[in-house]
Each structure stands twice: as C-alpha cells, then as structure tokens.
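Just below is one structure, and these are the notes that go with it.
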Amino acid sequence: MNHLPRKDHHESGKRPGGTFILAAALWVLLPLLATVSLSGEPKNVAKRYRNEPIRPIPAIVDVDRRKAALGRRLFHDPRLSHDNTVSCARCHPLKRGGTDGLPRSVGIKGTLGDINTPTVLNSSLNIAQFWDGRAATLEEQIDGPVHNPKEMGSNWKEIVSKLSRDKEYHRLFEELYDTGINAANIKDAIATFERTLLTPDSRFDRFLHGDEQAITDDEKKGYLLFKSYGCASCHQGMAVGGNMYEKMGIVQGYFAERGNITRADYGRFNVTGLKEHRFEFKVPGLRNVELTAPYFHDGAVPTLEEAVSKMAYYQLGREIPPRDRDLIVKFLKTLTGRLPETSP
C-alpha cells in the first residue's frame with residue numbers, strides 16, 4: 001500500500017502543529033519511503049519526477065476477477081439493507097465519483113446519517129476506512145453500514161437468508177467459495193470489487209510519467225503552489241492523501257468558529273478515547289476531488305475553491321490570494337482519472 005505507518009502525534013509528546021511543520025519540510029522523502037502492493041506500477045517513472053510527493057496510480061490491480069464481478073453485483077444489491085431499499089451504490093454511485101453529493105447520506109426510512117460519505121474510489125489506498133479510521137480493512141468497513149440503523153439497518157443473518165433464496169447467488173458462491181454464502185464471503189467479494197475501483201491515467205499521472213503536454217502551464221503553477229504552501233505535507237502518495245491522520249483546525253479553531261459540535265466531530269477520539277485525538281480525522285485523498293463535493297467530514301463546503309481557501313486558513317493559518325487558490329484548483333482538477341465502469 002502506498003502509505004506510511006503513522007504513530008499518533010502525541011505518542012512522541014509532540015503537538016499536532018509541530019508534526020505538521022516537520023512534515024512540510026520532509027514531504028519530498030515520503031515517496032522514497034512508500035511501498036506498493038499493487039501490480040502494474042510502472043518500472044521506469046520519469047527520473048525528474050521520482051522524488052515528487054505524488055505517485056501515479058497503477059493501471060492494473062491483481063484480484064480474482066470472478067470474485068470482483070460477484071462483488072460488483074452485491075455492491076448494487078439493495079437486499080443488503082433491512083427494507084431492501086439501500087445498496088452500497090446508493091451512497092457510493094460510481095458515475096458520480098463514488099459518493100452521492102450530499103452533506104450527509106440518507107439511509108433506510110429516509111434517515112439522515114451523521115457524517116459526509118467519503119468516496120469509495122481508490123479506497124483500497126487508504127491507511128484505514130471511515131473518517132475516524134475505525135476499520136482497518138475494506139472487509140471490516142462493510143460491517144459498519146450494514147449494521148448502522150441510519151444506513152442499511154440490517155445484520156448478516158438476515159442478509160445471508162435473503163441471498164440464499166436467490167438461485168444465481170447460490171450458484172456463484174458455490175463456484176467461488178468452499179463455504180458458500182456467508183458473511184465472510186459476502187464481505188470478501190465486495191471488498192475484492194472495491195479494490196478494482198482505482199482511477200489511473202489522470203492527466204497528472206501522465207505528467208508524472210513524463211508527458212509535459214498532459215497539463216497546462218497554469219496547472220503546473222498550481223502544483224508548485226500546492227507544494228510550496230505545504231498542502232503536500234498531508235496530501236501525498238498515490239491517493240494524494242488517505243495515509244495519515246491530522247487535526248481539523250491545526251492553526252485556527254475550525255469547530256470553535258463553526259459551533260454546534262456533534263459526536264462525529266470528535267473523529268479519532270471516538271475510536272481511541274484519547275483526549276489528544278479529539279478533532280483528528282483521516283486526511284482525505286484528493287483523487288477525483290472535483291467530483292466529490294461537498295467537502296470535509298461535515299459536508300459543509302460546497303465548492304473546491306472554498307475548500308482550498310478554508311484549508312489554507314484553518315490548517316496553515318494563511319489567507320490564500322484568489323489567484324493562487326484558482327491555480328491550485330486547476331491543478332487539483334488534473335487528478336481526475338479514468339473512472340470505473342458504472343453498470344452493475
């Protein structure tokens with residue numbers, strides 16, 4: 001996986017801001033330390049880009065394609081929810097960048113969720129799943145929405161019972177799994193499919209491979225600004241993020257200014273119970289970011305321009321000039337890659 005093992009900030013007694021400042025100075029080392037578990041990684045990335053903080057996404061991932069096809073079918077099947085109305089694809093529509101475009105998703109019986117739904121695209125590149133990182137794997141993540149009464153509101157006994165009555169599912173599971181239809185095999189198939197949801201071949205990836213014409217001069221300037229402002233200290237690697245945790249509001253108090261703090265706002269604290277993890281979240285990946293509005297864990301920001309400005313203010317303590325902001329946004333739009341097929 002293209003992420004660095006990360007100790008929480010306070011294990012070393014350092015304040016989050018101190019960690020951030022050190023990271024800003026060392027971002028150029030990150031790609032040299034990263035490892036890759038995906039196949040298809042180019043062997044000869046252009047030498048002039050080998051020390052860049054962002055790495056290209058490989059075109060191929062090595063999975064069992066038959067299990068992935070079964071997982072695709074399950075991903076789009078609303079029978080995984082209690083009332084047969086909500087599938088994984090409802091909150092993660094692939095044709096919309098892997099997220100539904102709502103501040104908070106709507107589950108069974110029209111129930112509103114607690115937090116913004118992150119994209120499922122490139123989720124296999126994340127250090128962990130969910131904003132607070134409470135699931136270590138894609139398989140473990142699936143338990144969350146299945147059991148959440150505000151999402152699918154179901155359980156595995158109910159789901160296995162429903163799917164076992166489907167002759168086609170029965171045949172497919174018997175062919176692919178010795179133990180047939182059960183919770184572990186359902187999760188394995190869905191997670192296998194989700195590992196195929198990479199979005200390679202963005203214009204920026206082609207630029208990293210040496211195609212100078214893949215992005216414009218303005219987009220190149222935006223990339224330089226992205227690095228010089230310090231954005232790359234948290235947003236790097238294949239996913240351009242997703243591989244570390246950081247406090248929301250390092251320099252300026254995001255929650256103090258926003259107000260109306262909810263349990264979901266406490267982030268990693270809800271997982272670890274450690275006071276120093278309050279308001280910490282997994283840094284979101286920026287691949288396909290132009291498609292995944294609204295932004296932040298609370299879905300409070302509707303545009304990419306506003307997101308860049310707020311990040312500069314709350315995380316860096318800087319008022320970013322409109323010209324610089326617009327150039328950074330132009331760069332961010334080069335991160336949109338080849339989207340996966342959207343049909344079930």
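The values are calculated or read from the model by the stated rules, or taken from the named source; none is laboratory data. Since the model is a prediction, treat every value here as computed from it, not as a measurement. When we count neighbours, we look across all protein chains shown, and the Cβ atoms used for this are built from the backbone with ideal geometry, even at glycine.
Is it true that ALA312 is in a loop (DSSP other than H, G, I, E, B) and of a type in the set (Gly, Ala, Ser)? Give the derivation first.
On the way: in a loop (DSSP other than H, G, I, E, B): no; of a type in the set (Gly, Ala, Ser): yes.
No; evaluated as a whole, the condition is false for this residue.
Can you pull out every residue in segment 206-241 that is of a type in the set (Gly, Ala, Ser) and part of a helix (DSSP H, G or I)? Can you show your working first?
Here is the first cut: in segment 206-241, the ones of a type in the set (Gly, Ala, Ser) are 210, 214, 222, 228, 230, 232-233, 237, 239, 241.
Passing the criteria: ALA214, GLY222, SER228, ALA232, SER233.
Among the residues of segment 273-294, which ones are assigned to a helix (DSSP H, G or I) and under 18 Å from ASN243 (Cα atoms)? Even if it seems obvious, please write down each step before you answer.
Step one: filter segment 273-294 for residues assigned to a helix (DSSP H, G or I), giving 275-277, 289-291.
Those that are assigned to a helix (DSSP H, G or I) and under 18 Å from ASN243 (Cα atoms): HIS277, VAL289.
Which of the numbered conditions does PRO340 fail, given that it passes all the others? Conditions: (1) without any contact (Cβ under 8 Å) to a residue 24 or more places away in the chain; (2) not assigned by TED's automatic domain parsing to the domain that holds ASN243.
Unmet for PRO340, out of (1) without any contact (Cβ under 8 Å) to a residue 24 or more places away in the chain; (2) not assigned by TED's automatic domain parsing to the domain that holds ASN243: (1).
Just checking, how many residues over segment 255-269 are in a helix (DSSP H, G or I) and of a type in the set (A, V, I, L, M)?
The total comes to 2.
Within segment 235-243, is there a residue that is outside the structural domain of TRP131 (by TED's automatic domain parsing) and either at pLDDT below 95 or surrounded by fewer than 15 Cβ atoms within 10 Å (Cβ to Cβ) (or both)?
no
Hey, any hits in segment 113-124 for a residue that's in a loop (DSSP other than H, G, I, E, B) and over 16 Å from the mean Cα position of the chain (by Cα)?
If we filter segment 113-124 for residues that are in a loop (DSSP other than H, G, I, E, B), which is where we start, we get 113-122.
Next, only the ones that are over 16 Å from the mean Cα position of the chain (by Cα) stay: 113-114.
There is at least one residue in segment 113-124 that is in a loop (DSSP other than H, G, I, E, B) and over 16 Å from the mean Cα position of the chain (by Cα).
Checking THR262 against (1) closer than 30 Å to GLY337 by Cα; (2) out of contact with any Lys or Arg (no Cβ under 7 Å at 6 or more places or on another chain), which single condition isn't satisfied?
The number of the failed condition is (1).
I'm trying to understand the selection: among the residues of segment 255-272, which are crowded, with 16+ Cβ neighbours inside 10 Å and of a type in the set (Asp, Glu)?
Selection gives ASP265 alone.
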